[in-house]
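Asker: Shown below is the structure under consideration.
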Ligand code: PMP
């Protein structure tokens, strides 16, 4: 007899391409989730899982945070989508963001991170009258053709034109240069060799999509200097780092202020949102019509449910001690994992930043994508499959980051650490054999 999970997965196969909303939702077994609460997910057969996926990082508060649910319900008593005029709720949220985010003199809303990066790059092109975009190897900035290079670092090589999707325009890929992360010299070189060509540099200030590689402070400071010198727009893609590491984004931690920044994911703790923030001089084109205007339409932009969710999420994240707790949880987990790795004598290390974590299956330092080629992908995948089989949820891809939320606590982590310990013991035995 089939389980409920199997029955639902079979129905999905018939009517949804691949049986999932995207291949990056594949867990390696037919699992149909039916309920989410705090740090846990429950499937259609009543099994409980610990969630380290946190909806691609969106659920920073944990699942179904009461404050967000209450704010959405309260808003729904008076408002649904209006799509005309201005709402006081939109203004309130914009004011909160302008107060919190260093680069934000003005903000604009859309419905996803990809839309925010798309608009940021289009604005940069309009502002500079140039075409070329620089991004960094291993970075992911969304699904659109503007950043048409493969987000999966395994295929994304410097100097290549390798669109991430069939159907993308080669011409868009040709206007995106991929340079090595943490290498300001390469950026300066490229801009000098292509004078007057580069509109924008888009960078994840922590390369979470590469596998949580941290930008050296000097690298970001150099990008700021180089872009100012050459009239290039500096864009921090804070779709992961924003709200997760600080209310003002990673820019508020590192002390480097970009011209534009993009946000999404954790801004609502689980509802559709994209936020574009930046200097008034650039942003104001979104409000123009006619000459020099940049069109940023969208029926669902600023939908009141999402606006209410941003306001409530900021309210929760502004509580004293919240970020200390997220960082402390991450440090505890990494410390315990490193202890386990040392006990079993594996060449591995816990990595990540704050509430974003993963295990690298190599030892020694890392600062760009080429260092990550030392990862033992076989051990990494065996580790991931064992944890998923033990009902921990995250993407089963090597070097893919995992997340924590404010609903995780030491007891939740200790259960997972037991599983990590037995898994690492098994891997160590097989390496020794
Ligand atoms: N930028 C970064 C850094 C991201 O990690 C992502 C999504 N993983 C995006 C942009 C695109 O956001 P979305 O999936 O909401 O379109």
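Asker: Report yes if some residue within segment 9-24 is touching a strand residue (DSSP E or B) at 6+ places or on another chain (Cβ under 6 Å) and assigned to a loop (DSSP other than H, G, I, E, B); otherwise report no. Give the derivation first.
Answerer: Pass one, segment 9-24, residues touching a strand residue (DSSP E or B) at 6+ places or on another chain (Cβ under 6 Å): none.
No, every residue in segment 9-24 fails to be touching a strand residue (DSSP E or B) at 6+ places or on another chain (Cβ under 6 Å) and assigned to a loop (DSSP other than H, G, I, E, B).
Asker: In segment 224-263, which residues are under 19 Å from residue 125 (Cα atoms) and more than 16 Å from the ligand (Cβ to nearest atom)? Working first, answer last.
Answerer: Taking segment 224-263 and keeping what is under 19 Å from residue 125 (Cα atoms), we get 224, 226-237, 258-262.
Within segment 224-263, 224, 226, 227, 228, 229, 230, 231, 232, 233, 259 meet the criteria.
Asker: For segment 140-147, check the following and say yes or no: at least one residue is part of a strand (DSSP E or B), at pLDDT 90 or above and either within 16 Å of the ligand (Cβ to nearest atom) or buried (at least 23 other Cβ atoms within 10 Å of the Cβ) (or both).
Answerer: Looking only at segment 140-147, we keep the residues that are part of a strand (DSSP E or B), and these are none.
Checking segment 140-147: not a single residue is part of a strand (DSSP E or B), at pLDDT 90 or above and either within 16 Å of the ligand (Cβ to nearest atom) or buried (at least 23 other Cβ atoms within 10 Å of the Cβ) (or both).
Asker: Could you say whether any residue in segment 60-77 is in contact with a helix residue (DSSP H, G or I) (Cβ under 8 Å, 6 or more places away or on another chain), under 19 Å from residue 387 (Cα atoms) and surrounded by fewer than 19 Cβ atoms within 10 Å (Cβ to Cβ)?
Answerer: No, because not a single residue in segment 60-77 is in contact with a helix residue (DSSP H, G or I) (Cβ under 8 Å, 6 or more places away or on another chain), under 19 Å from residue 387 (Cα atoms) and surrounded by fewer than 19 Cβ atoms within 10 Å (Cβ to Cβ).
Asker: Within 16 Å of the ligand (Cβ to nearest atom) and at pLDDT 95 or above: is that true of residue 204 in this structure? Step through it out loud before you land on a result.
Answerer: Values: within 16 Å of the ligand (Cβ to nearest atom): yes; at pLDDT 95 or above: yes.
When the stated conditions are applied, residue 204 passes them.
Asker: Given the residues 86, 107, 91, which is the only one that is under 17 Å from residue 314 (Cα atoms) and either touching a helix residue (DSSP H, G or I) at 6+ places or on another chain (Cβ under 9 Å) or not in a helix (DSSP H, G or I) (or both)?
Answerer: 107
Asker: Further, regarding this structure: Can you name every residue in segment 376-392 that is surrounded by fewer than 19 Cβ atoms within 10 Å (Cβ to Cβ) and out of contact with any strand residue (DSSP E or B) (no Cβ under 6 Å at 6 or more places or on another chain)?
Answerer: First pass over segment 376-392, keeping only residues surrounded by fewer than 19 Cβ atoms within 10 Å (Cβ to Cβ): 376-378, 381-382, 385-386, 389-391.
Of everything in segment 376-392, those that are surrounded by fewer than 19 Cβ atoms within 10 Å (Cβ to Cβ) and out of contact with any strand residue (DSSP E or B) (no Cβ under 6 Å at 6 or more places or on another chain) turn out to be 376, 377, 378, 381, 382, 385, 386, 389, 390.
Asker: While we're here: Considering only residues that are in a helix (DSSP H, G or I) and crowded, with 23+ Cβ neighbours inside 10 Å, look in segment 252-279 and name the one that is farthest from the chain's Cα centre (by Cα). Steps first, answer last, please.
Answerer: Filtering segment 252-279 for residues in a helix (DSSP H, G or I) gives 252-254, 265-267.
This time we only want the ones that are crowded, with 23+ Cβ neighbours inside 10 Å, so: 265-267.
Details: 265: 7, 266: 9, 267: 11 Å.
Across segment 252-279, the extreme among qualifying residues is 267.
Asker: Of the residues 299, 227, 313, which is out of contact with any strand residue (DSSP E or B) (no Cβ under 6 Å at 6 or more places or on another chain), surrounded by fewer than 24 Cβ atoms within 10 Å (Cβ to Cβ) and at pLDDT 95 or above? Explain how you work it out, then say what you get.
Answerer: On the way: 227 fails: out of contact with any strand residue (DSSP E or B) (no Cβ under 6 Å at 6 or more places or on another chain); 313 fails: surrounded by fewer than 24 Cβ atoms within 10 Å (Cβ to Cβ).
Answer to the check: 299.
Asker: Given the conditions (1) surrounded by fewer than 21 Cβ atoms within 10 Å (Cβ to Cβ); (2) under 25 Å from residue 32 (Cα atoms), which single one is not true for residue 349?
Answerer: Every listed condition holds for residue 349 apart from (2).
Asker: Sticking with this one: Evaluate the following for residue 120: is it within 16 Å of the ligand (Cβ to nearest atom), closer than 15 Å to residue 233 by Cβ and modelled with pLDDT of 90 or more? Explain how you work it out, then say what you get.
Answerer: Details: within 16 Å of the ligand (Cβ to nearest atom): yes; closer than 15 Å to residue 233 by Cβ: yes; modelled with pLDDT of 90 or more: yes.
Considered against the rule, which asks whether it is within 16 Å of the ligand (Cβ to nearest atom), closer than 15 Å to residue 233 by Cβ and modelled with pLDDT of 90 or more, residue 120 comes out as yes.
Asker: Please work out if residue 248 is touching a helix residue (DSSP H, G or I) at 6+ places or on another chain (Cβ under 8 Å), surrounded by fewer than 24 Cβ atoms within 10 Å (Cβ to Cβ) and either under 10 Å from residue 116 (Cβ atoms) or in contact (Cβ under 8 Å) with a residue 40 or more places away in the chain (or both).
Answerer: Values: touching a helix residue (DSSP H, G or I) at 6+ places or on another chain (Cβ under 8 Å): yes; surrounded by fewer than 24 Cβ atoms within 10 Å (Cβ to Cβ): yes; either under 10 Å from residue 116 (Cβ atoms) or in contact (Cβ under 8 Å) with a residue 40 or more places away in the chain (or both): yes.
So residue 248 passes the test.
The values are calculated or read from the model by the stated rules, or taken from the named source; none is laboratory data. Computed from a predicted structure; not experimentally measured. Positions of Cβ are generated from backbone atoms using ideal geometry, with glycine treated the same way; all protein chains shown enter the neighbour counts.
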